[in-house]
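A short reminder: the numbers here are calculations on the coordinates, not readings from a lab. These figures come from a predicted structure and were not determined experimentally. Please note: Cβ atoms are built from the backbone with ideal geometry, for glycine as well, and neighbour counts cover all protein chains shown.
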Amino acid sequence: MKRNVLPGLRLSLGVTLFYVGLIVLLPLAALAVKAASLGPAEYWSIVSSPRSVASYRVTVLAALAATVFNLFFGLALAWVLTRYRFPGRRLVDAMVDLPFALPTAVAGISLTALFSANGWFGSVLGQLGITVAYTPLGIMIAMCFTSLPFIVRTVQPVLEDLDPALEEAAQSLGGSDWTIFRKVILPLLSPALLAGTSLSFARSLGEFGAIIFIAGNQPMKTEITALLIFIRLEEYDYQAAAAIASVLLITAFVMLAITNWMQARALRYTVKG
Amino acid sequence: MSDTNHRRKPPRVGDAPLFRRTLIGIVLVLGALLILAPLVIIGVEAFSQGWQTYVATLDHPDTRHAIMMTVVTALIAVPVNTAFGIAAAWSITKFDFPGKRLLLVVIEIPFSVSPIVAGVAYLFVYGLQGIFGPLLDAYDVKILFALPGIVLASMFVTAPFVARELIPLMQAQGRDLEEAATSLGASGWRTFVAVTLPNVKWALLYGVVLCNARVMGEFGAVSIVSGNIRGQTNTLPLHIELLYHDYQAAGAFASASILALLAVFTIIAKVALERRGAGRRKALGTDAAPQGNRP
């Protein structure tokens, strides 16, 4: 085996491990220790209290709804951006990143302004009997906004690399567009779609800034889990904050594992032999 | 063969004019409602009470202090994160060592962790009920509810930003050039500056721009560690929340307009850098698969 001649391993790896240890791992370990210092019974009673469970329910349901919406809208957006040419396409492509670039607090207050009872959208929806602001629907909209780019940006490169010959072959065999989409294109896209979906869902579960302005934040009804942690801290109930935060942290790790697995799978499909 | 060049390309799936127009129409309308409208409303609301209110808000000492806090935080967190990103990319792409894949996963953890969880986690390190809290208190060192806490929390949420732009690119470029430079007697630093950096400069800048946008806009993690002390530990996003809950909507939107401008600038910079090849991922999962430098 050839000896590596490049210098700087000790310095660069040392800096990396120190930084990752101090900035990322130490705080997470401290949180885990704090949560573990509660006895099992106490821990369980906090994380399974009715108010906690209600917060998981509203967070997960809104995140699911937002992710399903983004699955369709994100796929349509990626499709339109890669397959069609129309004036303003580049501008739309750039604007897709706005939810990533716009600070969440800013997104939160502007979505609230749009959807509140006398806002541009809220007043119109109000006449139809739909209230968005300060309801779970508002939480869903905020999640839709912040997590939309994930699906577009994971699907887009796969759509761009799709070999036209596959479609041509299916067309020459007499397949209709819808059949070809379902039987040829969708299976090729599905690993990327799944990966984007899990990223979008994970982001929605942890989102805070964009949601709290529009959510109404009523305990048991429109209180997301991240906000419940914040409230427990304001009440100086550090143990409850640690316990509930550990639930979000464990969920994040599970989602991370799922996403990594899906991306590895997606990679296997997209890399051409 | 020459007539193939003149033949029209066969229509692909979804190219039927009616379907095409309908889909473009739906996407543009939804996009305008969900993405464009939130940006437009910021400007409208910011000037809803006239120029004077707008200028007065931005000129208010609390706003100016919040802007300063945000800029100072970014001036510390972004360069430190950039140095980390370069060190991480250098060690991961130029050497082989056990645990490399694990290190890659750990670097990406902050992407998956809710900013609120990050803030709480920092509380249990530097807060009074945390590991170092009592010690820091004994020596009267303030980390939480002060600038250091804000900087640390910002560094957590943006830790992967620079590294993940550099790693795939430096992985793809291999080690041959650096090895040649070193064997000709260049020092490590010289090799990096003269050989590696020119090849990755746009990707580096891309990571820096995105990192900066996130640091300046971070809300959840910072709102926990800052303590929200008006005129002291408020960054711009926290100041926006404070004004908003004080029923000063126009002021909140005026402050938000600065961050919205930053977002627009970030997107323009992103597009410009992508034209130079930064941030382009051919396919998914550009996770740096370990490539031995030689068979």
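Below, the figures for the structure above:
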| read-out | value |
| --- | --- |
| Axial C-alpha extent at least 27 Å, average Kyte-Doolittle at least 1.0 - helices from chain B (DSSP) | B:249-275 |
| Value of relative contact order over chain B, rounded to a whole percent, pairs C-alpha under 8 Å and six or more apart | 29 |
| Farthest toward positive dipole pole in chain B [+1 Lys/Arg, -1 Asp/Glu at C-beta], among B:N199, B:F161, B:L136 | B:N199 |
| Translational D in µm²/s for the range A:117-222 (Stokes-Einstein at 37 °C, 0.692 mPa s, Kirkwood Rh from C-alpha pairs) | 197 |
| Ellipticity estimate at 222 nm from DSSP helix runs (n ≥ 4, -39,500 (n - 2.57)) divided over chain B, nearest 500 | -22500 deg cm²/dmol |
| Distance in nm between pseudo-label sites at B:N199 and B:K100 (7 Å out along the Cβ direction from Cα) | 1.5 |
| Set A:K34/B:K270; A:K183/B:K100; B:K94/B:K201; A:K183/B:K270 screened for pairs whose C-alpha atoms are more than 29 Å apart | A:K34/B:K270; A:K183/B:K100; A:K183/B:K270 |
| Mean shadow area of the range B:158-225, taken as a quarter of the surface of its Cα convex hull (nm²) | 5.4 |
| Relative packing of B:204-211, A:159-166, A:141-148, A:105-112, which averages over residues the other C-beta atoms within 10 Å, highest first | A:105-112, A:141-148, B:204-211, A:159-166 |
| Cα-centred dipole magnitude for the protein assembly as shown, charges only on beta-carbon of K, R (+1) and D, E (-1), debye, nearest 20 | 1840 |
| Which of A:S116, A:I141, A:L9, positive extreme of dipole for chain A (C-beta unit charges) | A:L9 |
| Convex hull volume per residue for chain A, taking Cα atoms only, in Å³ | 217 |
| Peptide A:114-124 - average C-beta neighbours from other chains (10 Å radius) | 2 |
| Radius of gyration and Dmax over the Cα atoms of the range A:215-264, both given in Å | 13.9, 43 |
| Shielding of B:12-18 by partner chains, average beta-carbon count, 10 Å | 6 |
| Dimensionless Rg over Rh [the range B:212-285; C-alpha; Kirkwood] | 1.13 |
| Efficiency of FRET from Cβ geometry, A:R90 and B:W51, R₀ 30 Å, rounded to 0.05 | 0.35 |
| Long-range Cα-Cα pairs in the range A:1-51 (distance over 18 Å), rounded percent | 59 |
| Rg [Å, one decimal], Dmax [Å, integer] - the range A:57-135, C-alpha atoms | 15.3, 43 |
| Efficiency of FRET between B:D246 and B:E274 - r from beta-carbon atoms, R0 41 angstrom, step 0.05 | 0.55 |
| Translational diffusion coefficient (Stokes-Einstein; Kirkwood radius from C-alpha pairs) of the range B:101-193 at 37 °C, 0.692 mPa s, in µm²/s | 202 |
| Whole-number percent relative contact order across chain A, with pairs defined as alpha carbons under 8 Å at least 6 apart | 28 |
| Reciprocal mean inverse distance between Cα atoms of the range B:51-275 - Kirkwood radius, Å | 19.3 |
| Computed magnitude of the charge dipole of the range A:37-270 (debye, nearest 20; Cβ of K, R +1, Cβ of D, E -1) | 280 |
| Electrostatic dipole magnitude of chain B [Cβ: Lys, Arg +1; Asp, Glu -1; Cα centre; debye, to 20] | 1400 |
| Selection from B:S187, B:V215, A:A62 lying farthest towards where the dipole of the protein assembly as shown points positive, charges on Cβ | B:S187 |
| Hydrodynamic radius (Kirkwood) for the range B:28-123, which is based on Cα pairs only, to one decimal in Å | 18.1 |
| Kyte-Doolittle mean at least -1.0, axial Cα span of 30 Å or more - DSSP H helices of chain A | A:50-83, A:136-160, A:238-270 |
| Compactness of the protein assembly as shown - radius of gyration and Dmax, Cα, Å | 24.6, 85 |
| Taking N as its residue count, the alpha carbon Rg of the range B:7-47 over 2.2 N^0.38 Å | 1.84 |
